[in-house]
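The values are calculated or read from the model by the stated rules, or taken from the named source; none is laboratory data. Here the structure is a predicted model, which is why all the values come from computation and not from measurement. Here the Cβ positions follow ideal geometry from the backbone for every residue, glycine too, while neighbour counts run over all protein chains shown. For accessibility, only protein heavy atoms count, side chains too; no ligands or nucleic acids. Shrake-Rupley method; radii C 1.70, N 1.55, O 1.52, S 1.80 Å.
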Amino acid sequence: MRDYRQEIRDKKRIVVKIGSSSLQHEATGELDYIRMDVLVRELCNLRNQGRDVVLVTSGAIAAGKKAVRLDQNAPFQNPMAVKQACAAIGQARLMMTYQKIFSEYNQVAAQILMTRFTVEDETNRVNAQNTFQELFSMGVIPIVNENDTVATHEIEFGDNDTLSAVVASMIGADLLILLSDIDGLYTDDPRSNPEASFVELVEQLDDSFLRMGKSSTGSGVGTGGMSTKLTAARIATSCGADMIIANSADIRIIHRLMDGRNLGTLFVARPDDAFDLPVFLKRLHEGGDGKEEQHA
């Protein structure tokens with residue numbers, strides 16, 4: 001019998017996604033520098049082991065709102081423009097903070113901003129893949145976020161859960177780690193149903209698991225709930241990457257996962273040659289679930 005957890009120890013190209021709520025102090029919404037420092041230290045340690053590492057980070061819009069002391073309850077004539085302006089402010093502040101911390105560990109980081117069209121357009125997709133590959137060859141850790149300053153809908157990718165799975169598929173990653181405010185997948189929302197059971201391993205992501213997804217999120221900061229994480233699992237596993245949903249309460253869980261510890265929910269890779277990522281994303285963006293992508 002395969003020991004899927006022990007196989008995690010051998011993964012060579014890893015994408016780690018962290019959400020807005022995991023980067024901020026709950027009471028104030030300000031960046032939590034200690035948590036960011038621990039995150040960067042964990043990623044640098046993976047890089048020092050000779051692995052390729054990508055960080056997909058949220059937090060730009062929230063950081064921008066805090067920077068300009070935006071009143072969340074104030075009426076705006078153009079809420080989308082306000083959101084995009086805050087993203088422009090916050091992305092610069094977020095990257096400045098990351099760069100400072102990465103430099104403390106003698107590590108170089110790079111910024112990559114993506115939209116849905118980066119993936120759907122073949123030329124853009126190949127250019128992005130080439131950029132990632134060159135950064136890996138230089139020993140650099142790419143930091144990825146959605147380009148909210150030009151994206152006109154919050155569902156260009158849907159959220160950074162989906163974005164991280166897209167990145168994992170584009171670069172041929174063999175592991176995606178989603179750090180969340182929940183331990184992993186449950187049979188129901190454990191916040192409202194104390195009878196919900198925890199799911200440690202998903203060997204085959206079928207409809208019975210997909211129905212467990214919820215469109216709600218436990219955080220007022222982030223945008224992704226369990227439904228988006230299961231969408232990410234469909235993309236990642238179909239493209240050949242294992243995926244783990246784990247609790248970000250202690251960021252050091254990253255190295256514990258890499259040691260093969262039985263933490264979080266592990267989704268086992270099931271490569272599907274018929275899976276068409278650009279078509280899947282287009283259907284998802286149009287309001288479908290992407291299930292017909294292999295027939296397109």
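Quick notes on this one:
- Förster radius 30 Å - calculated FRET efficiency between Asp272 and Asp37 (Cβ-Cβ, nearest 0.05): 0.20
- Compared with the alpha-carbon gap, the fully stretched path from Leu70 to Glu120 is longer by 14.6 nm at 0.36 nm per residue.
- Counting only heavy atoms of the protein chains and using a 1.4 Å probe, Arg283 has close to 70 Å² of accessible surface.
- Sites Arg93 and Asn130 - FRET efficiency at Förster radius 35 Å, r taken between beta-carbons, to 0.05: 0.75
- Max mean-square fluctuation residue, GNM over the chain, Cα-Cα springs under 10 Å, options Gln84, Gln204, Gln49: Gln49
- Mean separation of Cα contacts under 8 Å (6+ apart) over length of the chain, as relative contact order %: 21
- Dipole of the chain, positive direction: furthest Cα of Leu230, Pro79, Met36, with charges on the beta-carbon: Met36
- Among Asn247, Asn45, Asn78, the residue with the largest mean-square fluctuation in a Gaussian network model of the chain, with springs joining Cα atoms closer than 10 Å, is Asn78.
- Overall form of the chain per C-alpha gyration tensor (a/c, 1.5; a/b vs b/c): rounded
- Solvent-accessible heavy-atom area per residue, rounded to whole Å², over the chain at 1.4 Å: 47
- From most to least packed by mean Cβ count within 10 Å, the peptides 99-110, 14-25 give 14-25, 99-110.
- Gain upon complete extension [Met80, Asn106; 0.36 nm per residue less C-alpha separation]: 5.6 nm
- Helix-only [θ]222 nm of the chain, DSSP H runs n ≥ 4, -39500 (n - 2.57) each, per residue, nearest 500: -12000 deg cm²/dmol
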